[in-house]
Amino acid sequence: MRNETGIALISVLMVVVVFLLLGMALFQWTAVEALQVQRQEKQLQAYYLARSGLEAALNYVFEQVAQGVSVDKLKLNKLNGSLAEAGSCEVTFSRDAEEGSVEINAKGYVAGPVTAEETIRCTAYLDSPLGRADKAEAIGWGSLSGQHLNLVAAGKDNPLVHDGTVLFKANNQIFTELKDVHYFKADAMEFSSGNKLHFMNESELHLYTDFVVFKTEVELHNHSLLTLNVYKNPIIEGNVKYGVVYFSDDAFRGDLKGYFKFKDGITWQNGKLQNRADLVPISGAELSKVFSSWIVYSPGT
């Protein structure tokens, strides 16, 4: 009888030990799992801190670019920020003036019993918003005469249309002929010359585009006309359609420098902008969207 009682007691003790071991294993597994979840949460938190720092840095850069500041003159001071009980972020910059780009390195850091660190990097190619462009003379929109580019005439009922970006470039002048009318439609356009975009008397240039760049002086003679009209993908605010335009320092010899939103149908006539309110300063956040295809993201190291 005593032997049976002893055997039963040993069996009970073995069962208890087994359950204790299982319980300890389950507790340890749960603790490890909870720690892993906490690490993942902290890592995600660090990522969003880095991402927030990166977005703030892009706005910081593009607010300057919108004012017409070139890559070599951008102020690129280190940025630091923190959120109570969340963590901190640190942003550093480097530039390549020859390439026309700025690299942004944003690091998010979460302290505490469980620490986490995440880095995101991006490169913004600030001199390449138009991407690959087709030359005007190559698609029949202009003809080269020595150092000059002569724009081809095209009426309103038979405009010249191109799917992509058009580059109007000359070592000397880009010009219209006397009384010529030009209707050009393309996703984006750039006018760049060593001298100026010269409008002869009574000539007209009507551009239908969402993004246009003037990297040259624009000289409008009496009774000449320039209009900018939105095309495929305008910025819509209320019921108003806008495109984006860039003016170099000497484009119109005034306070027009940098990037602006232009109202559909904005007009220069007899050498003057008809309504200054048709040009609206663009914010850094808006401009970064325009440049979105030229911002390359990558993990940090």
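Within region 94-120, restricting attention to residues that are over 12 Å from Leu54 (Cα atoms) and hydrophobic (A, V, I, L, M, F, W, C), the residue that is surrounded by the most Cβ atoms within 10 Å (Cβ to Cβ) is Val102.
Among all residues of region 157-169, there is none that is surrounded by 18 or more Cβ atoms within 10 Å (Cβ to Cβ), in the same structural domain as Lys73 (by TED's automatic domain parsing), touching a strand residue (DSSP E or B) at 6+ places or on another chain (Cβ under 6 Å) and among the hydroxyl-bearing types (Ser, Thr, Tyr). Based on what the data block shows, is Ala86 surrounded by 20 or more Cβ atoms within 10 Å (Cβ to Cβ), touching a strand residue (DSSP E or B) at 6+ places or on another chain (Cβ under 9 Å) and either in contact (Cβ under 8 Å) with a residue 12 or more places away in the chain or not assigned by TED's automatic domain parsing to the domain that holds Val65 (or both)? Considered against the rule, which asks whether it is surrounded by 20 or more Cβ atoms within 10 Å (Cβ to Cβ), touching a strand residue (DSSP E or B) at 6+ places or on another chain (Cβ under 9 Å) and either in contact (Cβ under 8 Å) with a residue 12 or more places away in the chain or not assigned by TED's automatic domain parsing to the domain that holds Val65 (or both), Ala86 comes out as no. Of the residues screened, Asn80 is not one that is modelled with pLDDT of 95 or more, more than 16 Å from the chain's Cα centre (by Cα) and assigned to a strand (DSSP E or B). Applying the condition of being among the hydroxyl-bearing types (Ser, Thr, Tyr) and under 30 Å from Leu54 (Cβ atoms) to region 252-301 and asking which residue is surrounded by the fewest Cβ atoms within 10 Å (Cβ to Cβ) yields Thr301.
Can you find even one residue in region 276-296 that is within 18 Å of the chain's Cα centre (by Cα), assigned by TED's automatic domain parsing to the domain that holds Lys169 and either under 30 Å from Ala106 (Cβ atoms) or not hydrophobic (A, V, I, L, M, F, W, C) (or both)? No, because not a single residue in region 276-296 is within 18 Å of the chain's Cα centre (by Cα), assigned by TED's automatic domain parsing to the domain that holds Lys169 and either under 30 Å from Ala106 (Cβ atoms) or not hydrophobic (A, V, I, L, M, F, W, C) (or both).
The values are calculated or read from the model by the stated rules, or taken from the named source; none is laboratory data. As the structure is a computational prediction, the values presented were derived from the model and not from experiment. All Cβ positions, even for glycine, are placed from backbone atoms using ideal geometry, and neighbour counts span all protein chains on display.
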